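Engineer: Dropping the structure in here first, questions after.
The values are calculated or read from the model by the stated rules, or taken from the named source; none is laboratory data. Remember, it's a predicted structure, so these values are computed and weren't measured experimentally. Cβ: placed from backbone, ideal geometry, glycine included. Neighbour counts: every protein chain shown.
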Amino acid sequence: MGEKLLDVFGKRRSVRAYKPVPIEKEKIDICIESARLSPSACNSQPWHFIIIDDPDLKNRVCEAAFSGAYSMNSFVKEAPVIAAIVCERKMFLSVVGKYIRGVDYCLTDIGIAGEHFCLQASQLGLGTCWVGWFNEKGVKKTLNIPSFKKVGYLISLGYPSDQPVEKVRKLTSEMSSRNRYG
């Protein structure tokens with residue numbers, strides 16, 4: 001039997017340094033399949049993953065995404081693969097729900113799918129880092145994504161080159177309660 005799910009959660013971390021080693025296509029495919037199985041509002045599955053593993057294209061994406069004010073995330077250039085998660089079609093009820101509840105369900109849904117991708121990567125010995133701070137217009141132009149689409153996140157993917165540091169997390173008693181707030 002494989003790792004316990006809680007162990008996978010504990011092992012997953014944000015990786016910002018990668019080995020210059022290609023990732024096996026099979027491992028990327030397993031990560032995509034894990035994302036595909038994610039739940040979504042109204043089962044809309046509003047995601048499209050673009051796997052960027054061509055080194056020249058990856059460099060162009062990084063140049064477009066991480067210059068100027070976005071340069072703090074230039075570590076992504078070290079990763080052999082980048083996954084761009086694009087918000088796709090939205091179901092009518094999800095759109096209505098956004099206006100009633102003030103929640104963008106598409107971003108929630110791609111967040112869940114992206115986390116499935118990251119957790120699977122961790123279980124396979126790969127490292128990931130969510131990146132939300134990037135030049136979206138530059139990424140869209142480089143990847144030929146229509147202007148009306150939303151690139152929600154980029155995820156760097158590769159074999160970690162550094163050793164994990166211990167996670168610092170709140171105690172469960174500090175971040176949860178039962179039957180009422182507080």
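Engineer: Give all pairs with beta carbons closer than 7 Å in which a residue from the range 157-172 that is under 17 Å from residue 119 (Cα atoms) meets a residue that is polar (S, T, N, Q); count only pairs at least 6 apart in sequence or on separate chains.
Structural biologist: 157/128
Engineer: Name the residues in the range 131-182 that are of a type in the set (S, T, N, Q) and either farther than 28 Å from residue 19 by Cα or outside any loop (DSSP other than H, G, I, E, B) (or both), would you?
Structural biologist: Within the range 131-182, 142, 144, 147, 156, 172, 173, 176, 177, 179 qualify.
Engineer: Which one is nearest to residue 115 (Cα to Cα), of the residues in the range 13-36 that are in a loop (DSSP other than H, G, I, E, B) and β-branched (Val, Ile, Thr)?
Structural biologist: 15
Engineer: Do we have residue 29 as at pLDDT 95 or above and over 21 Å from residue 88 (Cβ atoms) here?
Structural biologist: So residue 29 does not fit the description; no.
Engineer: In addition: Scan the range 53-71 for residues that are under 16 Å from the mean Cα position of the chain (by Cα) and not in a helix (DSSP H, G or I) and jot them down.
Structural biologist: 53
Engineer: Going through 40, 122, 44, 94 one at a time, which residue ends up being surrounded by 17 or more Cβ atoms within 10 Å (Cβ to Cβ), closer than 26 Å to residue 13 by Cβ and at pLDDT below 95?
Structural biologist: So the residue among 40, 122, 44, 94 that is surrounded by 17 or more Cβ atoms within 10 Å (Cβ to Cβ), closer than 26 Å to residue 13 by Cβ and at pLDDT below 95 is 40.
Engineer: Go through the range 9-29 and give me each residue that's aliphatic (A, V, I, L, M) and surrounded by fewer than 16 Cβ atoms within 10 Å (Cβ to Cβ).
Structural biologist: Correct list: 17, 21.
Engineer: Please verify whether residue 103 is within 22 Å of residue 39 (Cα to Cα), modelled with pLDDT of 95 or more and not in a helix (DSSP H, G or I), treating the condition exactly as stated.
Structural biologist: The answer is no for residue 103.
Engineer: Do you know which residues across the range 149-175 are closer than 23 Å to residue 79 by Cα and among the acidic types (Asp, Glu)?
Structural biologist: Passing the criteria: 162, 166.
Engineer: Residue by residue through the range 143-166, note down the ones that are out of contact with any strand residue (DSSP E or B) (no Cβ under 8 Å at 6 or more places or on another chain) and surrounded by 10 or more Cβ atoms within 10 Å (Cβ to Cβ).
Structural biologist: Answer for the range 143-166, where residues must be out of contact with any strand residue (DSSP E or B) (no Cβ under 8 Å at 6 or more places or on another chain) and surrounded by 10 or more Cβ atoms within 10 Å (Cβ to Cβ): 162, 164.
Engineer: Taking the range 47-62 on its own, how many of its residues are surrounded by 15 or more Cβ atoms within 10 Å (Cβ to Cβ) and free of Cβ contacts under 8 Å to residues at least 24 places away in the same chain?
Structural biologist: Within the range 47-62, residues that are surrounded by 15 or more Cβ atoms within 10 Å (Cβ to Cβ) and free of Cβ contacts under 8 Å to residues at least 24 places away in the same chain number 1.
Engineer: Of the residues 136, 166, only one is among the acidic types (Asp, Glu) and at pLDDT 95 or above; which?
Structural biologist: Of the residues listed, the single one that is among the acidic types (Asp, Glu) and at pLDDT 95 or above is 136.
Engineer: Which condition number in (1) within 24 Å of residue 40 (Cα to Cα); (2) within 15 Å of the chain's Cα centre (by Cα); (3) surrounded by 14 or more Cβ atoms within 10 Å (Cβ to Cβ); (4) not hydroxyl-bearing (Ser, Thr, Tyr) is the one that residue 132 fails?
Structural biologist: Answer for residue 132: the failing condition is (3).
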